[in-house]
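The values are calculated or read from the model by the stated rules, or taken from the named source; none is laboratory data. Remember, predicted model here, so these are calculated numbers, not experimental data. For neighbour counting, all protein chains shown are included, and Cβ atoms are generated from backbone atoms with ideal geometry for every residue, glycine included.
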Amino acid sequence: MSADLLSRIRVVLSRTSHPGNIGAAARAMKTMGMVSLYLVDPKKPPDAEAEARASGGLDVLRGARVCASLAEALQGTVYALAVSARRRELAYVSADARSAAQLLLAAAQEGEVALVFGSEKSGLTNEEILQCGAVAHIPADPGYSSLNLAAAVQVLAYEARLAALGAQPLPAAELAPARHEDVENFYVHLEQSLLASGFLNPANPKRLLPRLRRLFGRARLEQDEVNILRGMLNSFDKNT
């Protein structure tokens with residue numbers, strides 16, 4: 001059961017600067033039984049240094065999929081967990097690494113999930129955070145909480161493995177969870193409808209859309225629920 005759940009976890013590295021960190025992250029994944037690595041717009045592709053630092057994780061490194069955007073890397077997933085050291089005001093759920101790993105593994109029983117890490121210098125952008133269902137933080141010493149990218153991957157991969165080893169099978173879900181891309185398409189449709197109705201002022205949007213993302217993100221929408229919401233918006237659009 002644990003190996004099956006771990007195989008459903010994608011480790012997504014967004015906008016990495018140093019190829020060596022990609023290789024070290026691949027090694028960290030391999031030691032915890034995780035094999036699915038996604039790279040979003042890396043500044044430099046994996047090179048000889050990356051392969052040297054991957055060591056026994058060369059198969060993970062060489063199997064990495066390169067994506068143009070985070071949205072592409074998250075296609076087909078039912079849940080994504082962002083990893084950030086910074087406090088995020090509009091995060092849906094914030095949890096320490098151990099609690100967050102348990103959330104991730106619970107979702108993995110429904111389909112593929114993702115652990116999302118940002119660039120070495122600036123981490124994840126707010127826009128990237130909003131594409132994830134929760135934010136995980138590593139409770140490091142507040143006096144110096146900065147971890148190397150591969151070290152952060154190692155911590156979360158370890159916690160995910162612990163959660164997988166103790167996971168109990170859940171009853172089969174009655175309804176399928178919504179896929180990432182279908183939820184994102186719903187948000188695009190929602191924004192268009194709000195603009196057309198005049199409820200959303202493009203000159204003064206404030207934080208309406210991020211707050212709506214947080215609201216629906218907490219609900220963990222099912223596919224049928226997304227279809228219902230899209231149908232409602234279509235009906236509203238006809239009368240606008």
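Taking the numbered list (1) farther than 15 Å from Glu128 by Cβ; (2) surrounded by fewer than 23 Cβ atoms within 10 Å (Cβ to Cβ); (3) modelled with pLDDT under 95 in turn, Ala108 passes all entries but (2).
Under 15 Å from Gly20 (Cβ atoms), under 21 Å from the mean Cα position of the chain (by Cα) and surrounded by 14 or more Cβ atoms within 10 Å (Cβ to Cβ): does that describe Leu58? Let's see the steps before the verdict.
Working: under 15 Å from Gly20 (Cβ atoms): yes; under 21 Å from the mean Cα position of the chain (by Cα): no; surrounded by 14 or more Cβ atoms within 10 Å (Cβ to Cβ): yes.
The answer is no for Leu58.
Determine if segment 26-37 includes at least one residue that is in contact with a Gly (Cβ under 7 Å, 6 or more places away or on another chain), in contact (Cβ under 8 Å) with a residue 60 or more places away in the chain and hydrophobic (A, V, I, L, M, F, W, C). Within segment 26-37, one or more residues are in contact with a Gly (Cβ under 7 Å, 6 or more places away or on another chain), in contact (Cβ under 8 Å) with a residue 60 or more places away in the chain and hydrophobic (A, V, I, L, M, F, W, C).
Kindly indicate whether any position in segment 97-105 is polar (S, T, N, Q) and assigned to a loop (DSSP other than H, G, I, E, B).
Going through segment 97-105, the residues polar (S, T, N, Q) turn out to be 99, 102.
From what is left, the residues that are assigned to a loop (DSSP other than H, G, I, E, B) are none.
Looking through segment 97-105, none of the residues is polar (S, T, N, Q) and assigned to a loop (DSSP other than H, G, I, E, B).
Selection of first residues in segment 146-172 that are under 12 Å from Gln102 (Cα atoms) and of second residues that are at pLDDT below 95 and polar (S, T, N, Q), restricted to Cβ pairs under 7 Å at least 6 apart or on distinct chains, gives the following pairs, ordered by first then second residue: Ala163/Gln102; Ala164/Ser2; Leu165/Ser2; Ala167/Ser2. Six or more apart or on different chains, Cβ under 6 Å: which pairs go from a residue in segment 1-21 that's without any contact (Cβ under 8 Å) to a residue 60 or more places away in the chain and more than 13 Å from Ala114 (Cβ to Cβ) to one that's crowded, with 21+ Cβ neighbours inside 10 Å and basic (Lys, Arg)? Could you list them? Sorted first by the residue in segment 1-21, then by its partner, the pairs are Gly20/Arg53. Would you be able to say whether some residue in segment 160-170 is at pLDDT 90 or above and either surrounded by fewer than 18 Cβ atoms within 10 Å (Cβ to Cβ) or touching a strand residue (DSSP E or B) at 6+ places or on another chain (Cβ under 8 Å) (or both)? Yes: segment 160-170 contains one or more residues that are at pLDDT 90 or above and either surrounded by fewer than 18 Cβ atoms within 10 Å (Cβ to Cβ) or touching a strand residue (DSSP E or B) at 6+ places or on another chain (Cβ under 8 Å) (or both).
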